[in-house]
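A short write-up of the structure that comes next.
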Amino acid sequence: ASVATFNTGYSDAGLFGVYVQGPSAKVSDLTKVAVEQLKKAAENISEEEFQRAVAQAKYATISLFETRLGRAEVFGNRLLASGKALASVDLLQQLEKVTVKDVQNAASSVLKSKASSAAYGNIYALPYADSLNL
């Protein structure tokens, strides 16, 4: 089972999502845990958690630049989102500017947005989006 997030931002809109994958019997629990963690991020993030997340984001960013395809993905996404292709150093500098409060504000903003869901596969146990108290 796995849970991952994604974010696609544009100048006038954005999409934040949580991707849950696992056995049908566990999807409901996984989804509820993911929502619980998002709610916690809006309220309280320890400095240790934050620094670990920044380090992971830096590693993921640098790792993308290791291959031609990865660089194309980064540059393409940045061009679409902002009209500029940023070098790895610039992306790392942007990560350094993020604060705990920025993350809390982003999580809070996501939680205030109307939730929706999309699913495929055996989804009998998937909770309805409105039952997640988002």
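The values are calculated or read from the model by the stated rules, or taken from the named source; none is laboratory data. Bear in mind that the values here come from a model prediction, so they are computed numbers and not experimental data. Here the Cβ positions follow ideal geometry from the backbone for every residue, glycine too, while neighbour counts run over all protein chains shown.
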Check your understanding: Here are Val89, Val98: which of them is over 21 Å from Leu30 (Cα atoms) and exposed (fewer than 11 other Cβ atoms within 10 Å of the Cβ)?
Key -> Val89
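Which residues, taken from segment 1-25, are touching a residue at least 40 places away in the same chain (Cβ under 8 Å) and of a type outside the set (Phe, Trp, Tyr)? Quick ask: steps written out before the conclusion?
Our first condition is that a residue be touching a residue at least 40 places away in the same chain (Cβ under 8 Å); within segment 1-25, this holds for 8-11, 16, 24-25.
Within segment 1-25, Thr8, Gly9, Ser11, Ser24, Ala25 qualify.
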Point to revise | Restricting segment 55-71 to residues that are surrounded by 12 or more Cβ atoms within 10 Å (Cβ to Cβ) and out of contact with any Asp or Glu (no Cβ under 8 Å at 6 or more places or on another chain), the residue that is nearest to Gln37 (Cα to Cα) | key: Ala57
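Can we say Ser109 is under 20 Å from Phe6 (Cβ atoms), touching a residue at least 40 places away in the same chain (Cβ under 8 Å) and surrounded by 11 or more Cβ atoms within 10 Å (Cβ to Cβ)?
Spelling it out, it is not the case that Ser109 is under 20 Å from Phe6 (Cβ atoms), touching a residue at least 40 places away in the same chain (Cβ under 8 Å) and surrounded by 11 or more Cβ atoms within 10 Å (Cβ to Cβ).
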Check your understanding: Out of curiosity, is Ser117 part of a helix (DSSP H, G or I) and either without any contact (Cβ under 8 Å) to a residue 12 or more places away in the chain or of a type outside the set (A, V, I, L, M, F, W, C) (or both)?
Key -> no
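Condition check ((1) in contact with a strand residue (DSSP E or B) (Cβ under 8 Å, 6 or more places away or on another chain); (2) in a helix (DSSP H, G or I); (3) modelled with pLDDT of 90 or more; (4) not small (Gly, Ala, Ser)) across all residues:
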position	(1), (2), (3), (4)
Val3	yes, no, no, yes
Val27	yes, yes, no, yes
Thr31	yes, yes, no, yes
Val54	no, yes, yes, yes
Lys58	no, yes, yes, yes
Thr61	no, yes, no, yes
Arg71	no, yes, no, yes
Review point. Being free of Cβ contacts under 8 Å to residues at least 24 places away in the same chain, farther than 29 Å from Leu126 by Cα and among the hydroxyl-bearing types (Ser, Thr, Tyr), is that true of even one residue in segment 67-84?
Key: yes
